[in-house]
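Okay, so here's the structure we're looking at.
The values are calculated or read from the model by the stated rules, or taken from the named source; none is laboratory data. These numbers were taken from a predicted model, which means no experiment stands behind them. As a convention, Cβ positions derive from the backbone with ideal geometry for all residues, glycine included, and neighbour counts pool all protein chains shown. When the accessible area is computed, the model is the full protein with side chains, heavy atoms only, and any ligands, DNA or RNA have been set aside. Shrake-Rupley method; radii C 1.70, N 1.55, O 1.52, S 1.80 Å.
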Amino acid sequence: MAILQKHGKISGPDLVCLKETPSDTIGDAGGHQKNWSEHNTNWPRPLARVWTVVLLLGTCLLYCARVAMPICAVSMAEKFNWTKREQGMVLGSFFWGYCFTQVLGGYVSDRVGGEKVLLLSAAAWGAMTAFTPVLAHFCSQPIFSMTLARFLMGLLQGVHYPSLVSLCSQKVVESERGFLMSTVGSGSYLGTLVIGGAGSLMLDLYGWESVFYVSGLLSVLWAYCIWKYLLKGEGPIITLESLGRGGPRSKLSKRHWLRLFKQPAVCAVIITHLCTASTFFTMLSWLPTYFKDTFPDAKGWVFNVIPWFVAIPSSLFSGCLSDHLISRGFDTAAVRKLMQFFSMGVSSVFTLLLCGTTTFPTAVAFVSATMGLTTFSHSGVSVNVQDLAPSCAGALFGVMNTCGAFSGVLMVYFSGYLIEATGSWASVFTLITVVNLVGLVTFLAFAEARRVDMDSSKGHYHDIHI
């Protein structure tokens, strides 16, 4: 069975339960394993496909709600007489809330189920989005109400990706996780495109309020459909008792958490995700300015749209490719490393080529290639955390995402300093390449795909409990 697990040949849901449940455990450990299989049965393939589409749509709506404020910020600043500093304060407040709930969202998802956390959070941030215009118009100080609203949006949306990772690790077969995560991850690019096009149209025709109303109400409707048709109307109640009991989870002390973080493979995924997130946030933040400074006569819709159109099929292709290789018997760790090599290694080649680019079409082509290849990380480090610690994948991904978010903001600020100090965009692109290579070398050297949330001396798996 260990050989089958290593080479990824188990594809049926019934066999996956055998793969993740050692048969040689006895006594209490055996009881824990029985409980694990009862509560963590993989989805049948038809149901997994339904959930893939639903989660894709949910991530799309997540970004529609998230990007609504940046799209409407100029109109709102004109109406409420905000300065650039006040506008930046409103937009930046989202980040601080977003960082604070990553680990908590993953921890709760690991304990009670990612679908419950996704449902409750989507209903909450959807309602908050729809209620934003009301807060802006009826509050005597719109700048404070909008800053608070964005901070709360960050808190509520911060649990989304850790919950996705937790849900995927519990319910999806190893050989299909790459496709699900890459497909759902492409929802972020799709949402950015949808709100960029439809949102701009609604802004011109019906005013900025309509952008918040539509994106917020659609998100609430999405949450209702999950509750009604996928959860069959069962109440997504999260009680203190359920958190303490943890459902199927056995308990692992803080001592075992420390042991987990001492694993080289765990440190590798954290460092690699930190580097990936930092470079992605930097590219996302500074590319529009790069195009405006270097090609002032270029049309904004070209460089703001084309790279994301490339990123969507690229993300889907990476998921299909990784799952196909694993199902054909290739080593899971080798496949994860290959995907990350494309994401951080090959993409860095095109990033460096931007240093000497002199024409607008060439620059758009290189940026599109860079952003498209970056999406391969959805089938690399983002899935590898589920290979290593499926019992606590949500909480561990929350740690990764928190580190990535903080480091991303620092690198964005530092890149601005480099631009002012050197007057050259080549310094930023070189910095991105160096950070990418550090993460890639770390991942290639230390990444594994075997489970590490287990006590090898006792022959049974542990599940994290704080």
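Hey, what's the stretch 278-341 come to in accessible area per residue, 1.4 Å probe, Å²? Please report the intermediate quantities before stating the final value.
Details: 3000 Å² over 64 residues.
Counting only protein heavy atoms, the per-residue value for the stretch 278-341 is 47 Å².
A simple rule links phi to the HN-Hα coupling: the Karplus curve 6.51 cos²θ - 1.76 cosθ + 1.60 with θ = phi - 60°, which for the stretch 432-440 gives 4, 5, 4, 4, 4, 5, 4, x, 5 Hz, with x for Gly and Pro.
Debye-formula intensities of the stretch 327-399, expressed as log10 I(q)/I(0) at q = 0.11, 0.25, 0.28 Å⁻¹, are -0.38, -1.02, -1.13 (one equal scatterer per alpha-carbon, no solvent).
Please give the FRET efficiency for Ala333 paired with Phe414, using the beta carbon to beta carbon distance and R0 = 30 Å, rounded to the nearest 0.05.
Values: r = 33 Å, r/R0 = 1.09.
That pair, Ala333 with Phe414, gives E of 0.40.
For the modelled label position 7 Å from the Cα of Val438 along Cα-to-Cβ, which residues of the stretch 271-296 have backbone nitrogen atoms closer than 14 Å? Counting only backbone N, you get 271-280. Sorted from greatest to least, the principal axis extents spanned by the alpha carbons of the stretch 248-380 come out as 60, 35, 28 Å.
Dividing the alpha-carbon radius of gyration of the stretch 55-133 by 2.2 N^0.38 Å (N being the number of residues), what value is obtained? Don't jump to the answer; show the numbers that get you there.
Details: Rg = 14.9 Å, N = 79, 2.2 N^0.38 = 11.6 Å.
Rounded to two decimals, the normalised Rg is 1.29.
Per the Debye formula on identical point scatterers at the alpha carbon atoms of the stretch 110-150, with no solvent, log10 I(q)/I(0) at q = 0.24, 0.26, 0.30, 0.34 Å⁻¹ is -0.74, -0.80, -0.94, -1.06. Translational diffusion of the stretch 119-180, estimated by Stokes-Einstein from the Kirkwood radius over alpha carbon pairs at 37 °C in a medium of 0.692 mPa s, is 242 µm² per second. Considering only Cα atoms, the convex hull volume of the stretch 43-94 works out to 68 Å³ per residue.
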